Amino acid sequence: MRIRATVAAVSGALVLSAFAVPAAQAADATSGKTAFSSATADGAATAATLDVTFSSVKVNAGKAVVVPATGSVKFSITYKVTHAASLKSSDFDTIPVIYHGTDIKSSEYGVAPDDLPTCTDTSATVESCKATLSASHEDMVNSIAGTWQAGAIAFDQDGNPTFGNNLGKVSVQRLSKLTVNAAPEPVKKGKTITVTGNLTRANWDAKKYSGYSTQPVKLQFRKKGASTYTTVKTIKTSSTGTLKTTVKATVDGYFRYSFAGTSTTPAVNATGDYVDVK
């Protein structure tokens, strides 16, 4: 599911706000139970912690989760669950999450799967699990781009949770775009070529792409027939993310801009623009 998560303590019970769990663990409307409830209304504990641990968590095959300005991105999580020999796989369910903050309970933002993961018993006490998650621009704000944490939750048959926090770091980034235009085309050898472009990234607050200001970007050139680009110079984007510089025309080839990325924004290369030198 796509979530903007807030788990709050209300009347001594853990109650879910916009951090829903799969339908199999949904609240019982007639009894008033919540999927995260682990205490009675007066604060007295009612559920013992499950003897379950999580390990080998891998999010998106180790790559960053890059979310666009509009729309969503799907990614996988794999993990292992080790449980006490006295427990059976049917005694509990698990879900993986990624979240922004120090722990799952206090996190205001997170992502969990729409459905329960697929788990396979690899021994009497170990399961190997995989789930698909979806991160949407609707659930993001610019301030939370950067390092998140991976975690997981185990639910007993009554929906009481056991939390696995800080199981690995996850980079959640704002999708970047980069353009280039080299002109004039064609151009006489020795004349000046003006190379312009624009570096933008997802603005989750405004739900659009906005210029990424004062960022170092490399102007690179690939000679016709060559397979690699070489850096000509490095310039910085303007306050609105635009790029502009000049070079001398020498031989036919492709110009592009290349951005190395930051902790909140992935690296991106513009598609090369061909210039015919006469």
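Each value in this text was obtained by applying a stated rule to the coordinates, not by laboratory testing. None of these values were measured; they are calculated from a predicted model. Neighbour counts are summed over all protein chains in view; Cβ atoms, including those assigned to glycine, are modelled from backbone coordinates with ideal geometry.
Cross-link list Lys169/Lys218; Lys58/Lys207; Lys191/Lys244; Lys58/Lys236; Lys207/Lys233; Lys58/Lys208: which exceed 25 angstrom alpha carbon to alpha carbon?
On the way: Lys169/Lys218 29 Å; Lys58/Lys207 29 Å; Lys191/Lys244 16 Å; Lys58/Lys236 35 Å; Lys207/Lys233 33 Å; Lys58/Lys208 30 Å.
Going by Cα-Cα distance, Lys169/Lys218; Lys58/Lys207; Lys58/Lys236; Lys207/Lys233; Lys58/Lys208 fall outside the 25 Å limit.
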| request: Run down the aspartates and glutamates and flag those whose C-alpha is under 19 Å from the C-alpha of Lys88, throwing out any fewer than 8 positions away in its chain. | output: Asp51, Asp121, Glu127, Asp156, Asp158
| Based on the inverse mean of 1/r over its pairs of different Cα atoms, what is the Kirkwood hydrodynamic radius of the stretch 70-194, in Å? | 17.4 Å
| query | Once the other residues with Cβ under 13 Å from the Cβ of Phe255 are scored (Lys, Arg +1; Asp, Glu -1), what is the net sum? | reply | +4
| task | Beta carbons within 10 angstrom, averaged per residue: use that to sort the peptides 227-240, 91-104, highest first. | result | 91-104, 227-240
| task | Could you tell me the distance between the Cα centroids of the stretch 165-181 and the stretch 58-127, to the nearest Å? | result | 19 Å
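Only Cα pairs under 8 Å and at least 6 apart count here; give the relative contact order of the stretch 169-269 as a rounded whole percent. Could the numbers behind the result be given before it?
On the way: 234 pairs, mean separation 34.7, N = 101.
Reported relative contact order: 34 percent.
If the only charges are +1 at each Lys and Arg Cβ and -1 at each Asp and Glu Cβ, what is the size of the charge dipole of the stretch 80-132 around the Cα centre, to the nearest 20 debye?
Details: 4 positive and 8 negative charges, 34 e Å.
Roughly 160 debye, rounded to the nearest 20.
Net charge near Val277: determine it from the other residues with C-beta under 11 Å of the C-beta of Val277, scoring Lys and Arg +1 and Asp and Glu -1.
Working: positive: Lys188, Lys189, Lys191, Lys223, Lys224, Lys248, Lys278; negative: Glu185, Asp252, Asp276.
After counting each charged neighbour, the total is +4.
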